[in-house]
1. Go over the candidates E:A237, E:A202, E:A175, E:A267 one by one and state the one that is open to solvent by less than 10 Å² (accessible area, probe 1.4 Å), assigned to a helix (DSSP H, G or I) and within 22 Å of E:F343 (Cα to Cα).
2. Only one residue in C:L41, C:L16 is at pLDDT 85 or above and open to solvent by less than 20 Å² (accessible area, probe 1.4 Å). Which one?
3. Which one of these is within 7 Å of another protein chain (Cβ to nearest Cβ), surrounded by fewer than 24 Cβ atoms within 10 Å (Cβ to Cβ) and not in a helix (DSSP H, G or I): F:E31, F:E60?
4. Restricting to region E:377-415, what's the tally of residues that are in a helix (DSSP H, G or I), open to solvent by 10 Å² or more (accessible area, probe 1.4 Å) and away from every other protein chain (no Cβ under 12 Å)?
5. Which count do you get for residues in region E:282-306 that are part of a helix (DSSP H, G or I), more than 22 Å from E:L251 (Cα to Cα) and open to solvent by 10 Å² or more (accessible area, probe 1.4 Å)?
6. How many residues are more than 7 Å from chain B (Cβ to nearest Cβ), under 22 Å from E:I63 (Cβ atoms) and part of a loop (DSSP other than H, G, I, E, B) if we restrict to region F:63-79?
7. Looking at region A:15-24, which of the residues that are in contact with a Ser or Thr (Cβ under 8 Å, 6 or more places away or on another chain) and facing chain C (nearest Cβ under 10 Å) is farthest from C:I34 (Cα to Cα)?
8. Can you confirm whether F:R90 is within 11 Å of chain B (Cβ to nearest Cβ) and either outside any loop (DSSP other than H, G, I, E, B) or within 27 Å of B:W24 (Cα to Cα) (or both)?
Amino acid sequence: MSLADFNLAVAALLLATIGLGLIRIVLGPTLADRLMAAQLLGTSGIGVLVVLSSVVQVPALIDVALIFALLAAVTVIAFTCRQYPDGP
Amino acid sequence: MRPPSLLCLLVPLLLLALGLSLGWALGDGLKGYSGERLAEVALELVPESGATHPVTSVLLNFRGYDTLLELAVLLTALLGIWSLGPAAPPYPPPGLVLASLVGWVVPLLIITGGYLLWVGAYAPGGAFQAGAMLGAAGVTLTLAGHPTGGLPAEPWQRLLAALGTLVFLLMGLGLMALGSGFLIYPKGIAKWLILIIEATATLSIGVTLIAAFLGGRPMSLRNRSR
Amino acid sequence: MNLFLFCFDLLLSLTLLALAVAALSSRDPRRGVILFITFGLLLALVWARLRAPDLALTEAAIGAGLTGALMLGAARRAAPRFDSEDSR
Amino acid sequence: MADPYLPLAIVLSSALPGALIFFLDEEFHRLRTALNLFGAIFKLILVGWMIWGVFHGHVYLSHLELLPGLELILSADALSVLFVTLSTVLWLVTTIYAIGYLEHSPNRSRFFGFFSLCVSATVGIALSGNLLTFIVFYEILTLATYPLVAHRGTPEADRGARIYLAYTMTGGVVLLTGAVWLQTLIGPLNFTQGGLLSTAPESLHPQFIWIFFLLLAGLGVKAALVPLHGWLPQAMVAPAPVSALLHAVAVVKAGAFGIVRLVYDLYGVEFAYGLGLLDVLGAFAAATILYGSLKALSQDSLKKRLAYSTVSQVSYIALGASILGPIATIGGLVHLVHQGLMKITLFFCAGNYAETLGIHQVSEMNGVGRRLPWTTLALTVGALGMIGVPPVAGFVTKWYLGLGAADAGAYWAILLLIASSLLNAAYFLPILYRAWFRPPPPSWPEEHRFPTRLETDPALLWPPLITAVLSLGAGLFAAAPFSPLEWVRLIAAREYGP
Amino acid sequence: MLDPLALAVAWPLLGALSITLLPRWAAHLGILAAVGATLSALGVAFAVMDSGSLTSELGGWKIPLGIGLRADGLAAAFLAMVNLVALGVSIHASVYFADSKARHHFWPLWFLLWTALNALWLARDLFNLYVTLELMGLSAAALGALSGTRESISANLRYLLLGLAGSMTYLLGVALLYVAYGSLDLVQVARSLAPGPSSAAACALMIGGLSLKAALFPLHFWLPPAHASAPAPVSAALSALVVKAAIYLVLRLWLDLFAGIANASAAMLLGLLGGSAVLWGSWQALRAERLKLLAAYSTVAQIGYLAMFLPLIAAAADERGRASLLVAWVLLALTHGLAKASFFLATGLVQKTTGHDRIAELGGAAQSLPAATFALGLAGAALIGLPPSGTFFAKWILIQAAIASGQWWWVPVIMLGTLLALGYVFRLLARAFTREPTPPHFVTSARAELSALLLAVLAMLGVGLAARPIANLLGV
Amino acid sequence: MNPEILITQMLYGCIGLALFLLGIGSFILHEGLWRRLIALNVVGSGVFHVLVAVAYRGLEQTPDPIPHALVLTGIVVAVSATALALAFGRHLEDQNDHA
């Protein structure tokens, strides 16, 4: 097993965690569940990206991972902010 | 109002048939695809375009006209949103934890935007991604209760939203007036022209995205005090 | 032929498809939007795999991030009304 | 030596003033009158010039090629000059009449605008050099007369206008289809003396028959051939000048003129005879003549009686065309002019009765000859002409039709003429009797006094007198040069060749 | 060197941007930009008439890499018509929106739409066409919703979404073509296009997507509500220009791009849809209770006529027949553009006067606006196809081609469609002749009424009689 | 041409097509702005996916930058349209509330 293959295996594993997280997102039932799952997804996504970066030989994927991380933070904010107050 | 059941049966069947034929068509196309026509030409000419990153050179030089019109599409969406009515009332102010998180995230997003803009010349990144970062910063601010997502007053918003398209267009027209031709950048300064366009486009995209998230015409200061 | 890579591709593709189906068949707008955001993030991963880091960046930031934020902002407003319509 | 501008100028000489008139404010009375009269007189001068030119062998041809095979042609041959002259003279007279008639009614700018367009279209029909141009002006005529029929704005006017439109437009679409079909088979349809079709291959003949029916149906609507005549009595709601123009010149004549063009200059009279089409046309004409007269008998409304009389009389033209031989042709063609002169007189008179005394029904006409002697005199001339009493123009028509029928061995046509004349007498003579010999009632339904020593407004009085004199003259001086009859002889001679 | 093609796109865009920046001056800047854009477009048309088709390679890159603009006769004819109509609409709008809150929003969006239209006629790059389609779709939907009523917003939302679906479908076709032929340039792809599954699928996707945008029966259902609920000048632009742009692209792709694979049976299918559209649209227009709905359904019918040409073009015996059908197509499209714009503008005037546009209750409104009624009448006559409008000559050629190619069944469709059109136009015009008092003047608001009237006059007298120059422009 | 690349292109291309069709199906079958917008975005993603797939030219060669640029443009257009559509939807709801 070459290094690239090992990396791929890691990536596949991370992908599997994403898949598990997805089930949680679909099933819910509470907002918190979904939020946590989305966070998990973000984190695993970053992992996949870092690994992929070496597999497909695109160093710029690290930048993409950075954006993922930042967006995860924004997502937290988006989820936790309250609704619009009722009425004008 | 549920769609009739016959439709529910028919549509998937039709789509399946369509999918099979499309797949066949795609396979047929790919088999005939030698993969070295336009792509080769484009990659070869990248050094002449004023940017070293291929996607950036395609986007801002080879197919700059598309990008110009695309900026116009963004502007259209914004003007359309504004035409519908005033913005939604602002979000309530955030709690303490959230406020500090926002305080961290917003500057980071802006810095990242600047970074993406700068690397766009030679690496993945560029006006759209950078603009999206600015937009995300504004959205974050809005969510945290800022009534305009950090945007200035309406006249400035208009200026910023139109700026990218305006600079792009005026540059094209100016070059034409100077004898070079519409959107034809002289070799020596191409890099700088692209950077100017990208910078202004970033601002416009960011502002447009924030304004779109606000979802309506900027409210005047008096109404905003609430 | 790199079998590992192919398996990884297959896994990625199927996850993507499953997400799309989940997002499209969701009746609750909030859940649909969250699934759609997740779909966008996964799409960004796929594009990263296809060596398109620019697109991965843009999709993550705009396709998933901003579109998601836009929809989420609106979905929350619509949710109660939607639920009542749905239960009819 | 082809003059490319004169035919166009003749059409535009009424169209342009018409277009200007629309923009005039309602109270610009003098300017409107001036424009109207200027257009009418200017057109008359141009037409006079053209008559002189055609007589001396000049060729007049305005044309505009739109696409290969689609060409607008305005040209002047003897037949078109006949119709143009009729329209122009009668337009001038009718304009004067209309100015008097509509003195105080609303929407005069609109009325006169469409009135001018209507005449332009009629003149365009007359000058059309091919079927495409003919159809163009034929449809413009429909469009321009619709507002005139609807002008009064009453529910009856609305209804009459709708019926008029439904008939004529359907006819127009049928005509268009037939024309395009024919053009697909044999190319551009330029009106040619002796017809176009005789050289076409025999395999096309069955299609030619179908096309003839389509074209005849399209033209027959305007010519009020039974059973396509239904619109004409309904259109009586229009103001009197419009009825006069519609019945005497513009609409029905456009249809009749089209039938003449169809038989003589597209199919060729001998070719049409060979296909047996003339018999069909003759049958329709005969049916129309009898039906119109019979219906006229039972009408109490003066205008309706005149309308059914038109249905009947216009078909003399078709009858003339349907009988093979130059003499019948002369009879038919000359009726184009004669019927126009006589019928317009009758309608002017009817308008005068209505406008001056409020009389609309035949039964109200007792003794009207004493109150309006000149008008009734004109009416008498017209009515006697219609019956065919010499020396009024109508006699000439019937004489030639009869001679032609005898010549061609079509004795049924002679019987038809006799029957029709008897019927004409049966519905016109009672009117004359009432007008002259019955005592007048103590008061008229709605008397209107004009500030003049004459019996009515001079603008209303002179036109019927002029046309009555013209109808008399056309009969009395039928043999003089430039008379309608002489002109028609020229046409017939050319059609049948040496 | 000044590039007239780029200028024709740049002018309206510059107008849109300057109005965005200076909303206070909207109406003045608007008229200025409208005149500039029209002049630049007419400049292109005259240049094409002089020297044949123009091409420019934007950015200075050879065409498969750079984006090409092209103005051939077809594009130039439409460009000229569209800009004339747009100028008329602008002048009208400067009155219509003068004291309305919507004016700040109308002008910039209107010029963005104008930009999209000009860019669309000149585009020869398949992806560039997608961008212009989206620009057109977005600006059109935004403009359509300017009246702010519930039905206008929901109708235009539907229009927006369906337009998106249509352009996405189109884009998938472009993607397939790019896969197979490695180029996005229309002319280049056309040159190398070979029959096969990928080109057939691309054809189906692209034509299908555009048919949705062109409201070809049975994909027309979005059009009547969207066009009927928009403000009148916007309806004019939508019905006369935007829909025309999509059907123009259908023809352009059909003739230029897919000429090699577009077969007779596919053309027949489109023709049948067109025929159904003629009958259905005209029938619905006849039954419509509101004036603007009537006009919108009439657009559905007119699009049907335009689609009906395709099987006849496919069946044309020789090059001459094809050429004359093409000219007829252009005549019909141009006439409809001018006439429908005028019709909607005049409708807007009537609606402003009465406060509604229910046909049954119009009463003397038509009579009190003689110039507008006149415009309605002339435009209506041009829509019916009464001579000497371009529609008349187009129908003549259409019937001729139908008979010549043995496809006689189109003839009754055309006849019936014409009669139905007569019905719906005169159902309306009959209301103009009532016993209401007449206003003393023919024209009351010169800019608003004369713009409508002039467009109608152009439709009735201009296009048909100018068939020869138009044919020359098309190089026929 | 390298079969490995072809298979990858085909795999992802077909996924793109599938997304396109799923989206279209959902667009036709489902009512409601939310579902239609999501469906449309999935449709768009499907088309973009096809483009990205065909731009892929293996691990050694630089991918074709032109489809990438097209997709970038497409994404921005899609978000513009989505934003506009959402604003329409919000306005409709507001009118419902007032009604």
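1. Of E:A237, E:A202, E:A175, E:A267, the one residue that is open to solvent by less than 10 Å² (accessible area, probe 1.4 Å), assigned to a helix (DSSP H, G or I) and within 22 Å of E:F343 (Cα to Cα) is E:A237.
2. Values: C:L41 fails: open to solvent by less than 20 Å² (accessible area, probe 1.4 Å).
Of the residues listed, the single one that is at pLDDT 85 or above and open to solvent by less than 20 Å² (accessible area, probe 1.4 Å) is C:L16.
3. Values: F:E60 fails: within 7 Å of another protein chain (Cβ to nearest Cβ).
Unique residue meeting the criteria: F:E31.
4. Number satisfying all stated conditions: 0.
5. Total satisfying the criteria: 5.
6. Step one: filter region F:63-79 for residues more than 7 Å from chain B (Cβ to nearest Cβ), giving F:63, F:67, F:70-71, F:74-75, F:78-79.
Of the ones still in play, those that are also under 22 Å from E:I63 (Cβ atoms) are F:67, F:70-71, F:74.
Cutting the leftovers down to part of a loop (DSSP other than H, G, I, E, B) gives us none.
Of the residues in that region, 0 qualify.
7. Step one: of region A:15-24, the residues in contact with a Ser or Thr (Cβ under 8 Å, 6 or more places away or on another chain) are A:15, A:17-19, A:21-22.
From what's left, facing chain C (nearest Cβ under 10 Å): A:15, A:18-19, A:21-22.
Working: A:L15: 18, A:I18: 14, A:G19: 15, A:G21: 12, A:L22: 10 Å.
Going through the qualifying residues, I end up with A:L15.
8. yes
The values are calculated or read from the model by the stated rules, or taken from the named source; none is laboratory data. Keep in mind the model is a prediction, meaning the values are calculated, not measured. Using ideal geometry, Cβ is built from the backbone for each residue, glycine included, and neighbour counts are taken over all protein chains shown. The area values use the complete protein model at the heavy-atom level, side chains included, leaving out ligands, DNA and RNA. Shrake-Rupley method; radii C 1.70, N 1.55, O 1.52, S 1.80 Å.
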